[in-house]
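K.L.:
One structure, as structure tokens, below. Some questions next.
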Amino acid sequence: MSSIRQIFEKPWIWAFVAAIGVWIATITFTQGQGAGGVLTAAFSFATFSVIVALGQMMVITLGPGNVDLSIPATMTLAGTVATKVMATQDSMIIFGLLVALGVGLGVGLVNYGLIRLLRIPPIIATLSSSFLFQSAAIWYNRGLRIKPPPLLADFATSTVWGVPVLAIFIIVLSVAIHIALHRTVYGRSVTAIGQNMRAASLAGINVNRVRFLTYILCAVFAALNGFFFSAFSGGAALNMGQTYLLNSIAVVVIGGTSVAGGFANVPGLWGAALFLFLVEAMLNTYGLGAGIRLLLTGLIIVGVITAAGGQKTAR
Amino acid sequence: MSHAPTADTGESLFARLTSPRVLRSILPAFSLVVILLAIFYLQPRAMSPIGLKLLFNLSVPIALATIAQMFVLCVNDLDLSIGAYVGFVVAVGATMLDGGIAALPALEGMLPDPVPWILTTPISGVIVLAAGIGVYALLGALIYIRDLPSIVVTLGMSFVWAGLAVLVLPTPGGSAPAFVRAVMTLSTPVVPFAIVALVIIAIVVHFGLMRTAYGAVIRGAGGNPRSVARAGWSLLKIKMVSFALAGFFGMLAGLALLGLTTAGDANIAVRYTLLSIAGAILGGSEFVGGRVSPIGAVIGAATLTLANSFLTFLKLNPDFQIGAQGAILIIILALRVLINRAEARR
Amino acid sequence: MSGTPENIVRLDGVEKHFGAVRALDGVDLAVNAGECVGLVGHNGAGKSTLMNVLSGTTAPGAGVISLRGVDVTRGYSVATATTAGIRCVFQELSLCPNLTVAENARIMHSALSGFGWRRRAGALIIDQLDRIFPGHGIAAGDNVGDLSIARRQMVEIARAFSVTDTAAALVILDEPTSSLDAHVAAQLLAFVRDFVAAGGSCILISHLLGEIIDTADRIIVMRDGKVVAERAGSGFTRDSLVAAMGSVAKDDAAGRAAFASKRESGAPRVRAKPKAQTDGRDLVAHPGEIVGLAGLDGHGQKAMLLAIMGEGETGQGDVTVTGPLALVAGDRQNDGIFPLWSIARNTGIRSLRALRTGFLIDRKKEDALAEEWRERIGIRTPDVHNNILSLSGGNQQKALFARALASDAETVLMDDPMRGVDVGTKQEVYGMIREEAKGGRTFIWYTTEMDELDHCDHVYVFRDGRIVADLPRSELTEEKVLHSSFEEAKS
């Protein structure tokens, strides 16, 4: 009995419960048809949400005011540059991956440089830098859509017993981040800073270094997502990151991470990402349009944040 | 240790003019003039009334949206939903404000014949727009009472507004009500209407926020909320009033935009969120501390619009325009850091 | 019981307890019209709490508040105080830095509205400034954020005396001259005399005893939440005031005589000079030494600690430190506690690297560390995995001590950590500090409690951001500390 209660006290459980509820509601409507297919699709798309949300989660955990708005532009830039560098050659895949990660590293450096040197809130720093990255992506490729190398495309779309291979990799990555969060000096530092930046600094934590690493991490994950998503969707499109701006934040908030900072939750990201995709699938199945879908997503976010309650300090 | 405070009253005029505070307030106007001169240099024909009209037309709705953002910044919050909200207003304006509930595309073919007046009256549009402002006031209350981060709440609201806009107007279409079109196509002698409108917006909001007694209280609440509360003012009411004002000016922005485009499109104003923040910051507003400037905000919005035209005249790929906007924002912020450093050194 | 109509305000038996601390322990106080009351006392005497009760920001636990002979204890609030004409000038400024001088006057006076309010507000505040500080050089349109600290203080004071619909009956001035120079301070005190002569009332708090003796009609001395002396201003001398503030002679001659300096051998671990220090004095701390920082609260002691930690802004003075540092925060909420974490995590945060096995933090080591210190320092909790906020204030403080003492720090800085901690806990911690010092650790201890200085080998007294006295244990007396903390007059 008590172990069941313990499970239900976990903050991430509700995202999964909601996701399962929505899935059941969907397959009831279709009388069981395509139940597995919906799940496979959900895992495919949730994977991409989770990659960026992992980075966004670490940034948001740094405390009020920390958020990375350059994720979409970073995805686009990394995806564009990588697909062009690979030039549909299977032999170039590893190089392309490294290039994408390098783009992420550069983006993180620029972002934190702006935050630190111009002393502007991260939200504005990442917003203005995202304009630059987006333009850089356009300049680099003139909007041409280059196909990914076939091997990479196969990898990004393949499944094992209905589970996308990429999802397995990202679950492993999630476990690694989960461990990093709870068991490494870096992870402890991030949650300490998010609770009380001043106390963290007085307790001997190098606040600037930890924040720097976190913005780098977030940008690198966004770049990784750009790399895989362009492989998954047949090439990098200029607007491919667009939905991930709001999605990454929504997944973090619904997944039970505290927007006031200091508390992060990795399992919840999966629950929230699956839930958001399944809501969309359900509404599609019911024949409801994009309007209701957006409206519901928004109300869910506002509802969750209102229920989760306030922050300790002002914005 | 401390010198007599009477000693430095005789500051020279030059010292006053080059003080960081004056430099900070001149910066927005200075950047506007620089861009305007650059445009005239590249394209002398822009100096005509028609040229100016074309240059400044689009800055009217952007200026209004920037003013809306400024009211939120004033109480130390940020509105990430203003673009979606402006799109919602455009959608409502192009349908219900023109032909009432009957003009909603979703209801096509479901209407009784003849259509009763209650379904065609534009009053329904007025009610919906007023409700939008009410929602903004409630958001202010929610953010204050629950002490929520405005970024996340307004991010969620951006989904809500976008969803409502799509429900009201699924595909681009509809038409601007005649009075909206008439206002936006007014022609004024000598100076183009757009410039007149910008000046009026700047003066009215400047008077309202910087010169009225309650305006001082709103700004004070951004500067030192505790002492304003201790003086007996309701912070809840202040938050609601400034959010409602943001909703009101966001609505004006939507209507102005609709008047210029004549037809509606729910996604037309997606970029307004970023533009409004950039415009307010360009115009000298700060993120915290209640330091805002309505005149600066209008100038900032105009500068951003002109920067776009400038890049067009440069025959630069229009895709670079957003990048250029980002660069301008970063340069202005960097300049401000330099000025502040100079101030700290004094 | 509730006084006479001449009593602008009267307190009878007012008490306020914060946990174990009796901030106010039965205070009787009456202020009559046309009177300036001086209020003096050392740290923790209860001055600030008394002012907060009068201004309505803190509700008293017991006792009666009456205004002009009417009992108003029930529902006494900021609004009640304001309507009765009670105005406060607090040490922390309450102006809005983004508004002009005139607009700040408007924030306080709701009557300043409607057409022409800016002109009226400007005239009101400038007129008042002219009256108090002739030649002030402040304009109504100046932004407060652009003014010097001294001028902001002047605006703040003038605003408190300005009158629209309710008269200023009682103005409370808490260290009003702290950022004013001698000339301006004299202008203010002269105005206070005029104000009182015209029938107004003032309560004046200051660490400048000469100022109080010259200005106040009556002086009240507080200690440990009680009024311990009350006499006409002329009835006190500087020495008799200092004597009244001190505790009943509990001379620790034995402790002084037994003192042996630890400074003979070796280099100091910390050497630091405050930024405002003009003479050659600096703070020195040797291995095994307990160094005390004394003086009135807010006179540069905390800034010194932060500068040693490397937290201050650049240019905080010269600091040389050898060996690792740790800080025991006194302001637990802002500087110490991680509220979402368990006791164990809060204890281990300063020692994370030592708690690793390989690359990962070892939970067994973390728990063992917390368990060890729970026993050594006596943190009262059934389980170190409980949230830190489940502890009482004193036990939270012990956890913060454990954090610093469990670390590799050779020097432990303490920011008045015993504030608001019960006596039992204090004694336990004092013992632990002495023991650790014997083991070779250095302690730099900012304290606002006179008794705690007895544990120190060396005491530096701070005033106005500077070290003004440097007392080894053999020369330490309460009187010397008080004399150095309170200045005779402004230079």
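The values are calculated or read from the model by the stated rules, or taken from the named source; none is laboratory data. Note that this is a predicted model, so its numbers are computed, not measured. Reconstructed Cβ throughout: ideal geometry from the backbone, glycine too, with neighbour counts over all protein chains shown. Side chains included, ligands, DNA and RNA excluded: accessible areas come from the protein's heavy atoms. Shrake-Rupley method; radii C 1.70, N 1.55, O 1.52, S 1.80 Å.
K.L.:
Of these, C:Gly210, C:Gly145, C:Gly141, which one is over 28 Å from C:Ala84 (Cα atoms), out of contact with any Ser or Thr (no Cβ under 8 Å at 6 or more places or on another chain), within 14 Å of chain B (Cβ to nearest Cβ) and touching a residue at least 40 places away in the same chain (Cβ under 8 Å)?
P.N.:
None of the other options fit; the residue is C:Gly145.
K.L.:
For the structure I just gave you, tell me whether C:Asp367 is facing chain A (nearest Cβ under 9 Å) and open to solvent by less than 60 Å² (accessible area, probe 1.4 Å).
P.N.:
Criteria not met by C:Asp367.
K.L.:
Check off (1) open to solvent by 30 Å² or more (accessible area, probe 1.4 Å); (2) within 9 Å of another protein chain (Cβ to nearest Cβ); (3) among the polar types (S, T, N, Q); (4) closer than 24 Å to A:Ser130 by Cα for B:Asn340 and give me the number that stays unchecked.
P.N.:
The one condition B:Asn340 does not meet is (4).
K.L.:
Is there a residue being touching a Gly at 6+ places or on another chain (Cβ under 7 Å) and either in a strand (DSSP E or B) or modelled with pLDDT of 90 or more (or both) anywhere in the range C:412-425?
P.N.:
Checked the range C:412-425: at least one residue is touching a Gly at 6+ places or on another chain (Cβ under 7 Å) and either in a strand (DSSP E or B) or modelled with pLDDT of 90 or more (or both).
K.L.:
Any residue at all in the range C:373-385 that is closer than 15 Å to C:Asp408 by Cβ and more than 14 Å from chain A (Cβ to nearest Cβ)?
P.N.:
Among the residues of the range C:373-385, at least one is closer than 15 Å to C:Asp408 by Cβ and more than 14 Å from chain A (Cβ to nearest Cβ), which makes the answer yes.
Yes or no, residue by residue, for (1) within 10 Å of chain B (Cβ to nearest Cβ); (2) within 17 Å of the chain's Cα centre (by Cα); (3) crowded, with 24+ Cβ neighbours inside 10 Å:
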position: A:Ala87; (1), (2), (3): no, no, no
position: A:Asp90; (1), (2), (3): no, no, no
position: A:Leu101; (1), (2), (3): no, yes, no
position: A:Asn111; (1), (2), (3): no, no, yes
position: A:Ala125; (1), (2), (3): yes, no, yes
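K.L.:
Take the residues in the range A:140-170 that are open to solvent by 70 Å² or more (accessible area, probe 1.4 Å) and free of Cβ contacts under 8 Å to residues at least 24 places away in the same chain, then tell me which one is nearest to the other protein chains (Cβ to nearest Cβ).
P.N.:
A:Arg142
K.L.:
Sticking with this one: Please determine, by comparing only the residues of the range A:259-307 that are more than 14 Å from chain B (Cβ to nearest Cβ) and hydroxyl-bearing (Ser, Thr, Tyr), which one is surrounded by the most Cβ atoms within 10 Å (Cβ to Cβ).
P.N.:
In this case the residue turns out to be A:Thr285.
K.L.:
Quick one: C:Thr357 ticks every box in (1) more than 9 Å from every other protein chain (Cβ to nearest Cβ); (2) open to solvent by 30 Å² or more (accessible area, probe 1.4 Å); (3) touching a strand residue (DSSP E or B) at 6+ places or on another chain (Cβ under 9 Å) except a single one, so which number is it?
P.N.:
(3)
K.L.:
Name the pairs: first residue in the range B:226-249 and buried (at least 17 other Cβ atoms within 10 Å of the Cβ), second residue assigned to a loop (DSSP other than H, G, I, E, B), Cβ to Cβ under 6 Å, at least 6 apart or on different chains?
P.N.:
B:Ser227/C:Ser94; B:Lys239/B:Val75; B:Ser242/B:Val75
K.L.:
State yes or no: is C:Val70 surrounded by fewer than 23 Cβ atoms within 10 Å (Cβ to Cβ), within 16 Å of C:Asp12 (Cβ to Cβ) and touching a residue at least 60 places away in the same chain (Cβ under 8 Å)?
P.N.:
Spelling it out, C:Val70 is indeed surrounded by fewer than 23 Cβ atoms within 10 Å (Cβ to Cβ), within 16 Å of C:Asp12 (Cβ to Cβ) and touching a residue at least 60 places away in the same chain (Cβ under 8 Å).
K.L.:
Return the total of residues in the range C:322-340 being over 19 Å from C:Asp408 (Cα atoms) and either facing another protein chain (nearest Cβ under 7 Å) or surrounded by fewer than 22 Cβ atoms within 10 Å (Cβ to Cβ) (or both).
P.N.:
Of the residues in that region, 9 qualify.
K.L.:
Report, ordered by the first and then the second residue, all pairs with beta carbons closer than 7 Å, sequence separation of six or more or different chains, a first member in the range C:78-96 that is more than 10 Å from chain B (Cβ to nearest Cβ) and open to solvent by 50 Å² or more (accessible area, probe 1.4 Å), and a second member that is at pLDDT 85 or above and part of a loop (DSSP other than H, G, I, E, B).
P.N.:
Sorted first by the residue in the range C:78-96, then by its partner, the pairs are C:Gln91/C:Glu175.
K.L.:
Okay, next question. Have a look at B:Ala46, B:Ala15 and point out the one that is of a type outside the set (Phe, Trp, Tyr), modelled with pLDDT under 90 and surrounded by fewer than 17 Cβ atoms within 10 Å (Cβ to Cβ).
P.N.:
Of B:Ala46, B:Ala15, the one residue that is of a type outside the set (Phe, Trp, Tyr), modelled with pLDDT under 90 and surrounded by fewer than 17 Cβ atoms within 10 Å (Cβ to Cβ) is B:Ala15.
Each row is one residue, and each column tells you yes or no for (1) within 30 Å of B:Ala165 (Cα to Cα); (2) of a type in the set (Val, Ile, Thr).
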site	(1), (2)
B:Arg271	yes, no
B:Leu275	yes, no
B:Phe287	yes, no
B:Gly296	no, no
B:Ile299	yes, yes
B:Thr305	yes, yes
B:Asn308	yes, no
B:Phe313	no, no
B:Phe320	yes, no
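K.L.:
State whether one or more residues within the range C:127-134 are open to solvent by less than 10 Å² (accessible area, probe 1.4 Å) and touching a Pro at 6+ places or on another chain (Cβ under 9 Å).
P.N.:
Checked the range C:127-134: at least one residue is open to solvent by less than 10 Å² (accessible area, probe 1.4 Å) and touching a Pro at 6+ places or on another chain (Cβ under 9 Å).
K.L.:
Could we say that B:Val168 is of a type outside the set (Phe, Trp, Tyr), out of contact with any strand residue (DSSP E or B) (no Cβ under 9 Å at 6 or more places or on another chain) and open to solvent by 10 Å² or more (accessible area, probe 1.4 Å) here?
P.N.:
no
K.L.:
So which helices (runs of 4 or more DSSP H) are wholly in the range B:108-200 and hold at least 3 residues that are within 14 Å of chain A (Cβ to nearest Cβ) and under 30 Å from A:Leu245 (Cα atoms)?
P.N.:
Result: B:123-145, B:150-168.
K.L.:
Taking only the range C:433-476 into account, find how many residues are part of a loop (DSSP other than H, G, I, E, B) and open to solvent by less than 40 Å² (accessible area, probe 1.4 Å).
P.N.:
Number satisfying all stated conditions: 8.
K.L.:
Restricting to the range B:184-200, name every residue that is touching a helix residue (DSSP H, G or I) at 6+ places or on another chain (Cβ under 6 Å) and either open to solvent by less than 50 Å² (accessible area, probe 1.4 Å) or of a type in the set (Val, Ile, Thr) (or both).
P.N.:
B:Met184, B:Thr188, B:Pro192, B:Ala194, B:Ile195, B:Ala197, B:Leu198
K.L.:
Exactly one condition in (1) open to solvent by 40 Å² or more (accessible area, probe 1.4 Å); (2) farther than 16 Å from B:Ile332 by Cα; (3) modelled with pLDDT under 90 is false for A:Ala137; which is it?
P.N.:
(1) is the only condition that A:Ala137 fails.
K.L.:
Checking B:Val288 against (1) within 11 Å of chain A (Cβ to nearest Cβ); (2) within 26 Å of B:Ile151 (Cβ to Cβ); (3) assigned to a helix (DSSP H, G or I), only one condition comes out false. Which one?
P.N.:
(3)
K.L.:
For the range C:280-291, how many residues are in contact (Cβ under 8 Å) with a residue 60 or more places away in the chain and part of a loop (DSSP other than H, G, I, E, B)?
P.N.:
Residues in the range C:280-291 being in contact (Cβ under 8 Å) with a residue 60 or more places away in the chain and part of a loop (DSSP other than H, G, I, E, B): 6 in total.
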